[in-house]
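So the structure is just underneath, and the comments pick up after that.
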Amino acid sequence: MLLLLTLACSQTSIEDGAVYGPFTQVKTSFTSAFVATSETGAVLVDAGFQDNGKAVEAFLETQGLTLDDVSDVLITHGHSDHVAGLPAYPNAKVWAHEDEVELILEEGPEGLSVDETLVDGQIIELQGFSFETLLVTGHTTGNVVYLSDGVLLTGDSAFLFKDGTVGPPSERFSLDPAETQAELLALRDRLEPRKDEITAVTFAHTGGLSGDLAAFWEMTAAE
Ligand SMILES: [Zn+2]
């Protein structure tokens, strides 16, 4: 129990409604959905926890949209707190990395399907936004982050901690913790040449970084 408390204290809190480029972080229980809206609809990165879409619906309402207007949901990975909310979006096409489909079907609500699969480096256009898929394995087999409009949406690949550092999720949540850490550092190195392009970094379970991304670029391996 002591360990749990320590972990719970060390990560920053989700900031419901925080804005990162075109994305708004919508808190659903202890996780988040990231919502980008256009004049014709909305795209989500991760579906959020099962709350019948209530939190996302409340945000969409402020934009003059409804749950029916969600055209696409891009899934970072198949853990239930990222896919449980999917049934709330009846018209949405579900996207995920091809290696993650199995876990999504296993952990997600019954009757779920993945409509489109993605591969590393693939770029797609949805609602006028471009999404680049970057594979970051270790947390799960087909775990990805998405780069969209200068915003790096990391899902569970990384957390922002209260001491101002960015690092991988707690070991007990990842399939392969060592690989999770190595892949996160590799992602940072991969994106380093494109530093000027990236203006914000988001995390599903914590607050995010906007403008000053030093904590992301200066990540180091744990002892
Ligand atoms: Zn996860």
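The values are calculated or read from the model by the stated rules, or taken from the named source; none is laboratory data. The structure presented is a predicted model; accordingly, all values stated were derived computationally and were not measured. Neighbour counts are summed over all protein chains in view; Cβ atoms, including those assigned to glycine, are modelled from backbone coordinates with ideal geometry. Just so you know, the surface numbers come from the protein's heavy atoms only, side chains and all, with ligands and any DNA or RNA stripped out. Shrake-Rupley method; radii C 1.70, N 1.55, O 1.52, S 1.80 Å.
Of all the listed residues (Asp189, Asp156), the sole one being surrounded by fewer than 16 Cβ atoms within 10 Å (Cβ to Cβ) and either of a type in the set (D, E, K, R) or not in a loop (DSSP other than H, G, I, E, B) (or both) is Asp189. Exactly one residue out of Glu106, Glu110 is out of contact with any Lys or Arg (no Cβ under 7 Å at 6 or more places or on another chain), within 16 Å of the ligand (Cβ to nearest atom) and open to solvent by 40 Å² or more (accessible area, probe 1.4 Å): that is Glu106.
Only one entry in Ala88, Ala96, Ala58, Ala92 is under 16 Å from the mean Cα position of the chain (by Cα) and either on the phi > 0 side of the Ramachandran plot or of a type in the set (Gly, Ala, Ser) (or both), namely Ala96. Which residue, of Gly121, Gly150, Gly155, Gly128, is closer than 27 Å to Thr40 by Cα and touching a Gly at 6+ places or on another chain (Cβ under 6 Å)? Every option except Gly150 fails the conditions.
Got at least one residue in segment 120-136 being in a loop (DSSP other than H, G, I, E, B) and crowded, with 21+ Cβ neighbours inside 10 Å? Yes, because at least one residue in segment 120-136 is in a loop (DSSP other than H, G, I, E, B) and crowded, with 21+ Cβ neighbours inside 10 Å.
Counting only helices (runs of 4 or more DSSP H) that sit completely within segment 1-92, those holding 2 or more residues that are more than 16 Å from the ligand (Cβ to nearest atom) and in contact with a Leu (Cβ under 7 Å, 6 or more places away or on another chain) correspond to 54-62.
Within segment 63-78, which residues are surrounded by fewer than 23 Cβ atoms within 10 Å (Cβ to Cβ) and not acidic (Asp, Glu)?
The answer is Gln63, Gly64, Leu65, Thr66, Leu67, Ser71.
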